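Remarks on the structure that follows.
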Amino acid sequence: MIKLQNVEKVYRTSSVETLALNNINLTVNKGEFVSIMGPSGCGKSTLLNIMGLLDEPSQGHIEIDGRRVESYQDQKLARLRNEKLGFIFQSFHLINDLSVLDNVEIPLLYRNTSAKERRELAREALEKVGLSNRMKHFPKQLSGGQKQRVAIARAIVGRPEIILADEPTGNLDSVMGNEILAILQKLNADGATIIMVTHDDSMARQTHRLIRLFDGTQVQ
Amino acid sequence: MILNYIKIAWKVLLRHPFYTFITLFGISITLTVLMVVTSFMDHLLGVHYPEGNRDRSLFVTSVVQKDTTRSSRSSSPMSVRFIQTYLKTMQTPERVGMTSMFTFANAYVNGKRIKLFTKYTDADFWRVCTFEFLDGKPFAEQQIKTGDQVVVITDDFQKQYFEDDGKTVIGREVEIEGLRYRVIGVVKGSPATRPYSYADVYFPYTVPKSNYERGNMRGNFIAILMAKDKSELTTMQSEFQQAMSRIPQSGTEYGSKYTNFTIKAEGYADQYMTSFFGDDDSRRVFFFTAVAIILLMFMGLPALNLVNVNVGRMMERASEIGVRKAFGAPAKTLLYQFIVENIFITFIGGSLALVFSFVIIQLINNSGWIAYADLAINPTVFLVSLAVCFLFGLLSGVLPAFRMSKLKIVDALKS
Ligand SMILES: Nc1ncnc2c1ncn2[C@@H]1O[C@H](COP(=O)(O)OP(=O)(O)OP(=O)(O)O)[C@@H](O)[C@H]1O
Ligand SMILES: [Mg+2]
């Protein structure tokens, strides 16, 4: 599903060069639930962003569904992100000016979906995360756990095959965290490929496979 | 999709009341000023009651006599004799109307003084102008020939002078400066900003006290040459030039010699400018350059301000941009979104300006500041200003939007 070959990421600022990822080779297969762990600053987010086409590697190749994407232009990349990928962020990244329903609809705005269909799909996604009673609310009126569930609904509304989650439970207490994990597991059981960055061992243990990073290098 | 953008734009507006206020204030004040100013210009220079034939008329308003030997110069309107000899005899004009520039007079009602603007006109004046007669009719050639003491008055003067008993005032008398005149017509008054038609009372030019026999060339009368049609204006102009060229350049006027004279027939707007700037074209050019620069600044400053505020506002929305891109928005689409937002804001500003202008113009019309003021919103001006605003909206939006749409997703999400 996703394949990384010799991926390297270097951050250059005027004074320092940081090697955030060093020669990463890995493959995530369809239907897998993979977790990524490692100490702070070891490159987990960088890796996830590169797999999700949010960032470009300095070196190496990325294949999604057997397609090499390094030559893709903005328009094509956007299309790929829209159709194949769904993101969940630690700090939710909901748009405060939009209602829950409008937030969830965002991925559908960038494909040919009628307004009516968008409403329906967004409603369905919100039902899946147990938030169908909060559709008219605004992000500010929600708890952290609820916000993250809205974010998950947004990530799945376009039925992407791959869901990328960067510490989706990092800002939540353990009860909420477990709820979120349960939702992800359900999505995985329904066929989604999931890659999740986490700091929580017990959560990582509940996934199929663990990738461990240390200082930009894969150690497991 | 567009509806969605507008929804966001609306919410962004509501979320930043201060920004919204500054932006809308900038746009709508600029537009309002533009519209009120042009409406005023149109009021001054356009074709309006009771000078409804301005667009097919040339105005001859003054003659300048110079004595080059003593470098002296006299300028004034013309004498009746001059107008009758040289202008009334022209072939191209359908009519040549003649009126004095205003003079003043007093009338008394129950011991109260009414100060009046008076005009002495000929019969053609009423044909060249498009006065609306509320009662009675204008004076005819015969009454001018016999020097009848008759008068046409405005509705305003009628109200002040006569009790409103519902009866017609035609045939009744008014006493002005100790002379009695019979009212033969009542017209709807002309605004004071139209000096060739504005007055409170209009006499035949042959009544006593008009001094119409004064002067060879210079006097107190102006002429309006009305062509049959706009297309004949140039023919009329050349006939006028020819007629003038046949008059000897030098002569004597009021006891002093002159060595040459100049006289012009001009369209209304042109003669208006001449009355302001004199014959000096460079002064005119300077004035219009200055106006253009001021206008540009008027439009430019809000635009610059818009760009500034926009950049700040969009930076605030970096996270939104990151999210949209992460979920598949191409840079182009985002650019489009921000442009739609900006145009939407401009549009609101434009609508506000329309309301403001309308209110201000109504206020001016009803304030009595200019009697009989008839300012109106000029749709062309509104559309052009709106287009200019759109352009600024675009420019002020495109630049920051372009920068933002090119933002890297990871960077956008971090901020
Ligand atoms: N935009 C950037 N410019 C420069 N250096 C960066 C940038 N983003 C990340 N880095 C560096 O790259 C390294 C990896 O960062 P990354 O965010 O991937 O770590 P992480 O494993 O996700 O950490 P955390 O668990 O704290 O989220 C860090 O040393 C970080 O300082
Ligand atoms: Mg991280």
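A short reminder: the numbers here are calculations on the coordinates, not readings from a lab. Keep in mind that what you see is a predicted model, and the values were worked out from it rather than measured. As a convention, Cβ positions derive from the backbone with ideal geometry for all residues, glycine included, and neighbour counts pool all protein chains shown.
For chain A, relative contact order (Cα pairs under 8 Å, six or more residues apart, normalised by length) works out to 30 percent.
Let's test this: bin the Cα-Cα distances of the range B:62-265 at 5 Å from zero up to the farthest pair and state each bin's percent. Over the range B:62-265, the share of Cα pairs per 5 Å bin runs 1, 7, 14, 18, 17, 14, 11, 8, 5, 3, 1, 0, 0 percent.
Taken along the Cα-to-beta-carbon direction at a fixed 7 Å, the label points for A:His61 and A:Leu26 span 2.0 nm. Note: relative contact order over chain B, using C-alpha pairs below 8 Å and six or more positions apart, is 26 percent. For B:Met315 and A:Glu127, what does the FRET efficiency come to when R0 = 35 Å and r is the distance between their Cβ atoms, rounded to the nearest 0.05? After rounding to 0.05, the efficiency reads 0.45. With Cα atoms defining each centre, the range B:58-121 and the range A:48-120 are spaced 80 Å apart in the structure. Only lysines eight or more places from A:Lys3 in sequence, or on another chain, were considered; those with a Cα closer than 30 Å are A:Lys30, A:Lys44, A:Lys76, A:Lys84, A:Lys128, A:Lys186, B:Lys325, B:Lys332, B:Lys406, B:Lys408, B:Lys414. Secondary structure note: in the protein assembly as shown, about 70% of the DSSP beta bridges are antiparallel.
Going by C-beta contacts inside 10 Å, put B:Lys112, A:Lys9, A:Lys128 in order with the fewest on the left. Please list the in-between numbers first.
Numbers: B:Lys112 8, A:Lys9 22, A:Lys128 18.
Fewest-to-most ranking of B:Lys112, A:Lys9, A:Lys128: B:Lys112, A:Lys128, A:Lys9.
Counted over the range B:62-265, the DSSP beta bridges are approximately 80% antiparallel.
Counting other C-beta atoms within 10 Å, which of B:Trp369, B:Trp10 has the fewest, and how do the rest follow? Each step should come with its number before you reach the end.
Details: B:Trp369 10, B:Trp10 15.
With the fewest neighbours first, B:Trp369, B:Trp10 line up as B:Trp369, B:Trp10.
Looking at the P(r) of the protein assembly as shown, how many percent of alpha-carbon pairs lie beyond 45 Å?
Numbers: 97818 of 201295 pairs.
Summing the P(r) of the protein assembly as shown above 45 Å gives 49 percent of all pairs.
Dividing the mean sequence gap of close Cα pairs (under 8 Å, 6+ apart) by how many residues the range B:62-265 holds gives a relative contact order of 34 percent.
Ranked for footprinting exposure by Cβ neighbours inside 10 Å, fewest first, A:Arg118, A:Arg67, A:Arg123 give A:Arg67, A:Arg123, A:Arg118.
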